[in-house]
Amino acid sequence: MPQISVILPVYNIKEAYLTKAVNSVLAQSFEDFELLIVDDGSNRETAAVCDALAATDKRVTVFHNFNQGPGKSRNFGLSKAQGEFVIFMDHDDWVEKDWLKKLYESIVRNQADAAFCYADEYVEEEGAFHELAAPHFGFEAVDLDDAFRDKMASVFFAPWAKLVRMEVIKKHNLAFAEDGNHFDDVLFHIFLNEYACRFAFVDEILYHHRLFANSITGSSNQNTDMYFDVFKTIESAAAKCKADGISVKRIIDRNMNFFCSANDIIKSRKEFIKRMRFYIKKFGLKDVLRKQRNRKIRHWLFTADKKKGILRICGIYLINRQKKH
């Protein structure tokens, strides 16, 4: 049985990028791993590349599936993983040769539920690297309490930046969203932050994330509709919390910064306010929203409420006046 399962969802990617991604894993200084390539309904060319790469190393296994999206592909990989630990990778990225070794040593040495590393972003059109923003905590391991969970909720470590103990995933049924939610990995991060007990950190850039202008992330300013998926995330988080006996209000309070982040992108303020009001009423979140650090959010929601109240009073006044006459 391998110590680590590396799960790599693949969908219609350029051969050179996929080859570089796979070869960077096969060149790891830590050798006790399996690489599970989940072909998410790719075209014949990409599928053939997956098979060719698997033929070069017995640690590689390929699964050819119908197109289902990244969330289902990652969950499928989890169902097939044999490792004690699991980590994910994107099909056009690449890693440093000690990526697995340093994360593994840290998670074992610190008896942690997850170990995190840092990453940079390679912008293809610029040919330049940019470090991805994430706090450097100044310590290697920490036991999670409410205060630290609050800190971790304000940052996002992508699936490829964290090695997770499989026991924790199975015990708490941690999974990625499967309802077409573009934030399937954010949901996984939210739950890991809630259910894990101890985190470890490797203060090094070990992962290189390739970014394209026409990718989902790169085109987010144009693809504003995807940001409404944040509401799917609220629903999914609430459903699991309720089923597990965790306060829905607490987890939404902790992650409200993310849940409200869409306002900077979404152009339809009216629709955003409508949906946020629904959740305020459903989960009793008015006090949560009033603490929201984003002033724009508070202004949108609560000045709108004031205007609505004033209009209602004016309407009642006019109706009564008409009755008198």
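Sticking with the crude label model, points 7 Å out along Cα→Cβ, report the distance from Glu31 to Glu140 in nm, one decimal please.
2.5
With the cut-off at 1.5 for a/c, could you classify the range 133-182 from its C-alpha gyration tensor as rounded, prolate or oblate?
Prolate is the answer for the range 133-182, as a/c is 1.5 or above and a/b outweighs b/c.
Rank the residues Val22, Val6, Val155, Val60 as a footprinting-exposure proxy: fewest other Cβ atoms within 10 Å of their Cβ go first. Each step should come with its number before you reach the end.
Values: Val22 26, Val6 29, Val155 15, Val60 20.
In order of increasing Cβ crowding within 10 Å: Val155, Val60, Val22, Val6.
If R₀ is 35 angstrom, what is the calculated FRET efficiency for the pair Asp51 and Glu124, using the beta carbon separation as r and rounding to 0.05?
That pair, Asp51 with Glu124, gives E of 0.85.
Going by how many other Cβ atoms sit within 10 Å of their own, how do His208, His172, His91 line up, fewest first?
Ranking His208, His172, His91 by Cβ neighbours within 10 Å, fewest first, gives His172, His208, His91.
State the percent of C-alpha pairs, over all pairs in the range 4-211, separated by a distance greater than 27 angstrom.
26
Within 12 Å, Cβ to Cβ, of Leu26, how many net charges do the neighbouring residues add up to if Lys/Arg are +1 and Asp/Glu are -1?
+1
Based on the Cβ-Cβ distance from Arg250 to Ser79, what FRET efficiency comes out when R0 is 30 Å, to the nearest 0.05?
0.50
Whole-Hz Karplus ³J(HN,Hα) for the range 85-102, in order, using 6.51 cos²θ - 1.76 cosθ + 1.60 and θ = phi - 60°, x for Gly and Pro?
Once rounded to whole Hz, the list reads 10, 9, 8, 10, 8, 8, 6, 10, 9, 8, 10, 6, 5, 9, 3, 6, 4, 6.
Cut-off is 10 Å between beta-carbons; in what order do Ile87, Ile13 appear when sorted fewest neighbours first?
Ascending number of Cβ neighbours within 10 Å: Ile13, Ile87.
Cβ under 15 Å from Gln111's Cβ, Gln111 left aside: what net charge do those residues give with Lys, Arg +1 and Asp, Glu -1?
-3
Would you mind getting me the FRET efficiency between Lys282 and Arg44? Use the beta-carbon distance for r and R0 = 41 Å, nearest 0.05.
For R0 = 41 Å, the calculated efficiency reads 0.30.
Between the range 78-149 and the range 12-61, what is the C-alpha centre distance in whole Å?
Taking the Cα centre of the range 12-61 as reference, the centre of the range 78-149 is 20 Å away.
Hey, which aspartates and glutamates would be in cross-link range of Lys72, C-alpha to C-alpha under 17 Å, not counting anything within fewer than 8 residues on its own chain?
Asp39, Asp40, Asp90, Glu178, Asp179, Asp184, Asp185, Asp229
Grab the other residues whose beta carbon is less than 14 angstrom from that of Lys101, score K and R as +1, D and E as -1, and report the net.
Once positives and negatives cancel, what remains is -3.
Computed from the coordinates by the stated procedures, all read-outs in this text should not be read as laboratory data. Everything numeric in this text was worked out from a predicted model, so none of it was measured. We place every Cβ from the backbone using ideal geometry, glycine too, and count neighbours over all the protein chains shown.
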